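Just below is one structure, and these are the notes that go with it.
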Amino acid sequence: MEAGNGARRRRLIERIAELSAAELALLGLVALVAAAGGFLLCRTDLIPEGHSPAPTAFSDVAEPQAGALAARFRPWLLFDRGELWRPLDVSSFLAEGDHRFCTRAAGAVSCRPLPDATAFDDLARPGASAGAATYLDVAGSRLADYRGPQRCGSLDDCGTGARSAIYYHATESNDRFYLDYWWFLRFNHFARSHPAISCRVGATRTNGVCDEHEGDWEGVTVVTPPDDDQHVDYVVYAAHKGTFRYAASTLQLRDGTRPVVYVAQGSHASYPAPCRSGCHQPPGLAVDGVLELPEGDTDGTRPWARDGDDCVANRPGSCLESLALQPWNQWPGQWGAGCGDACGGNPGASSPRSPGLQPRYQAPWCSTQGGAFTCDSRALRCGDWLGPQVVLVACDPGVLSQSQRRSDALAPGRLALVVGRTERSQETTPGVVQALGPPLRPGEQATVVADGPATQILVRSVQDGTIAEDRFVVPAARAGQRIAITVTAGADAPLVLADGQRPVERRLVTAATAPAPAG
């Protein structure tokens, strides 16, 4: 690292101390006096409604260090064979010349053409337009229209050369680096994967099943261990309305530092493992939290064309660009006009806001699961790690919270998992260990190796379309004790036991299924 975290923290405190209360208020910040006489900084505009703010000291990482870190941990993107769109370099996308900048005012819409990226930059700069009333009207009215000017087989955007790039934002907090990555795609077309669930049907729109719109910002956040800029501690994968944590020991890492990201067909949600058919969105994200919705396939058979490029951040034509250098990063408008005829004139379609206005960018040390908001700077729940594609979690919540907010690294403990006869996962992030895989079915079993009486166990299982998420507490567990997880058939849901004991908490989710397309 170029400088110790202690020195960076001192510089941050000095900068905060120079700001007046009025300046902090304008920035949406609150500086709190810490017990040791320093400062903690809390961004009041980042906390979702209904949650209390957790003070968190943070600072942006300056160039060229930010770019070097972003290159080291750049994700490796794998697309489904049926996916039509690839990441776009925004400047090249706007240079197509047939998109428009629009403003809604007094019930009317006025639009002006965008001949190039410079025109958009001028309009998107802070104070230059009507703010949240503006939107980018992506050229197209039918689904077949949403394609780039180049032709490359079946793809609507090729994903090659200078026309394709991903973006990054590097932040330091909790003595860790948070490398936040974003990529922009021309269209979000969930219905492509499940034609039986049509966005043209009113019930699918009003119940939150469809998310069909122009423009799509997606991504992941890579997090390093404390005082270590060479390794991955965990990665946050963004999927629809949630962001989910996966420890490095669970992930595929190219070159030891680059997490593999499986991009879902149509919806572009990010996952750490493939799903070739019958895929579902994260449990409970829609329809009142009790229905698991279908997801686009994520077979990962089509790598992004620029995965293997040697991209030096911010060089002309690079595949890696800083969001901090983009005039549009804080633009409050929407990156799309919705759907129009492309999905039946859905009036509720909502294109995304700029990355700089989204919680994952503003507070990458936080994540959301099932509506719960959690941050590294405060106590974490074991449930924060039962993300989609996770079948089993062993966790010590005290050790986990301590490891995520202290400056000196903790050594891994003895937590471990055995699923089936071959898969074994050992703890690398202190206090938690996960195993990826489909939910356990009746007749299957697993084993948890405890690290003491605080061990909690989370299990995902399924029976006849009903998914159970069970939490166990083993207060008398000894370090190294092996705890047997068994699954048997119940009356209407799987029955899961840990060494013969029932769970202390259970949540049931019904899986929505879509009929296979004809032909």
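The values are calculated or read from the model by the stated rules, or taken from the named source; none is laboratory data. On a predicted model such as this, the values are computed, not experimentally measured, just so you know. Cβ sites come from the backbone with ideal geometry, for glycine too, and all protein chains shown count toward neighbours.
Mind checking which residues of the stretch 157-188 are charged (D, E, K, R) and either at pLDDT below 95 or part of a strand (DSSP E or B) (or both)? The answer is E172, D175, R176, D180, R186.
Is at least one residue of the stretch 373-394 closer than 21 Å to F58 by Cβ, touching a helix residue (DSSP H, G or I) at 6+ places or on another chain (Cβ under 8 Å) and either small (G, A, S) or at pLDDT 90 or above (or both)? Within the stretch 373-394, one or more residues are closer than 21 Å to F58 by Cβ, touching a helix residue (DSSP H, G or I) at 6+ places or on another chain (Cβ under 8 Å) and either small (G, A, S) or at pLDDT 90 or above (or both).
Taking the numbered list (1) surrounded by 13 or more Cβ atoms within 10 Å (Cβ to Cβ); (2) closer than 30 Å to A170 by Cα; (3) touching a residue at least 24 places away in the same chain (Cβ under 8 Å) in turn, C111 passes all entries but (2). Working only within the stretch 464-492, note down all residues that are aliphatic (A, V, I, L, M) and either outside any loop (DSSP other than H, G, I, E, B) or under 19 Å from G437 (Cβ atoms) (or both). I467, A468, V473, I483, A484, I485, V487, listed by residue number. Taking the stretch 223-241 on its own, how many of its residues are in contact with a Pro (Cβ under 6 Å, 6 or more places away or on another chain) and among the β-branched types (V, I, T)? Final tally of qualifying residues: 1. Screening Q150 with (1) in a loop (DSSP other than H, G, I, E, B); (2) closer than 30 Å to P364 by Cα; (3) of a type in the set (S, T, N, Q) gives one miss only, at (2).
Just one of (1) in a loop (DSSP other than H, G, I, E, B); (2) hydroxyl-bearing (S, T, Y); (3) buried (at least 22 other Cβ atoms within 10 Å of the Cβ) fails for S403. It is (1). Of the candidates G437, G490, the single residue that is modelled with pLDDT of 90 or more and under 21 Å from the mean Cα position of the chain (by Cα) is G437. Strands (runs of 3 or more DSSP E) fully within the stretch 1-117 that include at least 2 residues being farther than 30 Å from L253 by Cα and modelled with pLDDT of 50 or more: 99-105, 108-114. Just checking, does the stretch 279-299 include any residue being out of contact with any Cys (no Cβ under 6 Å at 6 or more places or on another chain), modelled with pLDDT of 90 or more and either more than 30 Å from C102 (Cα to Cα) or buried (at least 20 other Cβ atoms within 10 Å of the Cβ) (or both)? Looking for residues that are out of contact with any Cys (no Cβ under 6 Å at 6 or more places or on another chain), modelled with pLDDT of 90 or more and either more than 30 Å from C102 (Cα to Cα) or buried (at least 20 other Cβ atoms within 10 Å of the Cβ) (or both), one finds at least one in the stretch 279-299, hence yes.
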